[in-house]
Amino acid sequence: MKLRLHQFLSQTGVFGSKRAAKEAVWAGEVTVNGSVTKDISFQFNPRTKPVTYRGNLLHLPEEHVTLILNKPPGYLCSRLNKHERSLGKTPVFDLLPDHLSQRDKDRMVTVGRLDEATTGMLVLTTDGRVVSRITDPHHHVPKVYLVRTAEPLGEDDLGALRNGVEIELEVNGEVSTHRTQPAEAHQLAECDAQITLHEGKKRQVRRMFSSLGHKVIDLHRTAIGDLWLEDLGLREGDCLDLSGMNVLALMGLND
């Protein structure tokens, strides 16, 4: 998104009038990307080129950024320290597109998490409202996964998933038993199934299948709400920038 310099300055709230903003530019008190700019009509992208006035960094009123990432395997949904990186770990934040400013990248959080081996749809955002609407357990937002197991699945397995199974969860070092909510489960092939959850516990899909004696060898999230990854045309590792759009409405969650 490109703005003219005088438009940007007028939106920062620093100047009392458009005239004051223009005079600051003409006086050489404004820099864009480190260089003094005296052209009030100069066009630039404020997300990638910082602006200062008398040495102070200026910002537009906060605009939220929301992305959909087709997560590849081998990436973690957390910020990593130097030691973790030295072990060869890589965060999903390394996949954020170059057009985002460093400030936006630093503000970005993942909406829920996919473990290192799991692939598929991941939402990243700076908008707390989006995070709350998708992750709050009271909203029961559907999330669809494609699952492949090491051994063939039976109808008894699918029936158990539909009724809910008991899994073990660890919170703050304490292990407890949780009975999962009924899931929608459909067999796609001998070892393949599609499962829809309306809750989100840590490694829940893997734990559910493990409770039935099945090892998950491939796990892919394909949808959140009404938004399906296959409809977005994203290659693995690519992001779709939905900033400025009503993301919750796209997911059918705008209520």
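For this structure, a couple of remarks:
- The dipole here belongs to region 53-153: it is taken about the Cα centre, uses +1 on the Cβ of Lys and Arg and -1 on the Cβ of Asp and Glu, and is about 160 debye.
- Cα coordinate range in region 165-255, projected on the principal axes (Å, largest first): 42, 35, 25
- Once divided by 2.2 N^0.38 Å, the Cα radius of gyration of the chain becomes 1.29.
- Taking the Cα centre of the chain as origin and assigning +1 to Lys and Arg Cβ atoms and -1 to Asp and Glu Cβ atoms, the resulting dipole is close to 1440 debye.
- Dipole-positive endmost among Cys191, Leu240, Met121 within the chain (Cβ charges, Cα centre): Leu240
- Cα-derived Rg over Rh, computed across region 129-204 with Rh taken as Kirkwood radius: 1.01
- Taking the helices alone, the chain has a mean residue ellipticity at 222 nm of -5500 deg cm²/dmol, built from -39,500 (n - 2.57) per DSSP H run of at least 4 residues and averaged over all its residues.
- In the chain, taking the dipole from charged Cβ atoms about the Cα centre, the farthest positive-side position among Ala160, His64, Ser101 is held by Ser101.
- Look at Tyr145, Tyr53 and count the other Cβ atoms within 10 Å of each Cβ; fewest to most, that gives Tyr53, Tyr145.
- The fewest-to-most ranking of Val25, Val14, Val171 by surrounding Cβ atoms within 10 Å reads Val171, Val14, Val25.
- Shape box of region 3-58 [Cα atoms, principal axes, largest first, Å]: 25, 19, 18
Any read-out appearing in this document is the output of simple, stated calculations on the displayed coordinates, not a laboratory observation. Everything numeric here is computed off the predicted structure, so don't read it as measured data. Using ideal geometry, Cβ is built from the backbone for each residue, glycine included, and neighbour counts are taken over all protein chains shown.
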